[in-house]
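**Q** Following this message is one structure expressed as structure tokens.
The values are calculated or read from the model by the stated rules, or taken from the named source; none is laboratory data. Predicted model, so just to flag it, every value in this text is computed and none were measured. For neighbour counting, all protein chains shown are included, and Cβ atoms are generated from backbone atoms with ideal geometry for every residue, glycine included.
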Amino acid sequence: MKIKWLKDILKNSTTEKIIGNVAFYYLKFVGLTTSWQSVIGVKETYEAIEKYGSVIVIGWHGRTLEMPYFWNKSSKLNALVSPHQDGRMIVNILAKFGIGHIDGSSNKNSTEAALELMHNLQQGNSIAIIPDGPRGPSMKLTMSPIFYAQKSGKPIVGITYSMAGAKIIHKSWDNMLVPLPFHKGMYAITEPFFVPKEATAEELEQYRQKMENTLNELTWKLDKEMGLPFIAQGKEAKKSRKQQIMEKE
């Protein structure tokens, strides 16, 4: 009964907004008090948006907390967010950073979300996708950003960062990096990555692997410079009992 009562409180829209606001101000405070040793690719990304109209932003699930920090709201960015409870809290945080959202996930509203993502790119709005969410494998790129890049002609840019003294939640499937204030940090965005419209299925896989490797190598490089341990890719979230039963049937 106590657990149900707690869940009901967390599902309350007012509670979600409060949690979202607290999270936003904490992340903003961390960003402001961080001694950024280098910020790479931000200016070039806005130049790419100016040139190509919009871009496809990707980043790993475990590095989402400070990803929006350097977004300057000069152009519209809409992120794909799960319609579930956790997603509602994320929506509140993103809104504070000036970022919109598109409801959808790999499990629900996937077709509608795909159409909405393409429509946004065609309308000159950039989109953001976390390609190893919501359950992993961690730091493994799905094919979806590659397809969007191929069909739209828009470039992909990968965002990552690392911060000295950060806490890494090793028990979580994504090894979530939780930044702390008053430390050194490094933030980087990859160069724009294009996928030719005429690429074959075999070539698309090569582009996918290349983009995955680029973002991982950049993340590992920043972690090494910030004194963080190496984080391997490939972890997955534990399946619920319901999911395990469904797979056996």
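**Q** Of the residues Ala79, Ala149, Ala128, which single one is in contact with a His (Cβ under 6 Å, 6 or more places away or on another chain), crowded, with 21+ Cβ neighbours inside 10 Å, at pLDDT 95 or above and of a type outside the set (Val, Ile, Thr)?
**A** Criteria check complete, one pass: Ala79.
**Q** Moving on. Is it fair to say Gln150 is free of Cβ contacts under 8 Å to residues at least 12 places away in the same chain and either closer than 14 Å to Ile58 by Cβ or polar (S, T, N, Q) (or both)?
**A** no
**Q** How many residues, within the stretch 31-49, are surrounded by 15 or more Cβ atoms within 10 Å (Cβ to Cβ) and either farther than 12 Å from Tyr187 by Cβ or at pLDDT below 95 (or both)?
**A** Qualifying residue count, the stretch 31-49: 3.
**Q** For the stretch 205-231, which positions are more than 18 Å from Gly158 (Cα to Cα) and either without any contact (Cβ under 8 Å) to a residue 12 or more places away in the chain or assigned to a helix (DSSP H, G or I) (or both)?
**A** Of everything in the stretch 205-231, those that are more than 18 Å from Gly158 (Cα to Cα) and either without any contact (Cβ under 8 Å) to a residue 12 or more places away in the chain or assigned to a helix (DSSP H, G or I) (or both) turn out to be Lys224, Glu225, Phe230.
This table checks each residue for (1) at pLDDT 95 or above; (2) surrounded by 12 or more Cβ atoms within 10 Å (Cβ to Cβ); (3) of a type in the set (A, V, I, L, M, F, W, C).
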residue	(1), (2), (3)
Gln209	yes, yes, no
Thr214	yes, yes, no
Asp223	yes, yes, no
Leu228	yes, yes, yes
Lys239	no, yes, no
Gln244	no, no, no
Glu247	no, no, no
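**Q** For the structure I just gave you, tell me whether Leu177 is in a helix (DSSP H, G or I) and among the aliphatic types (A, V, I, L, M).
**A** Numbers: in a helix (DSSP H, G or I): no; among the aliphatic types (A, V, I, L, M): yes.
The answer is no for Leu177.
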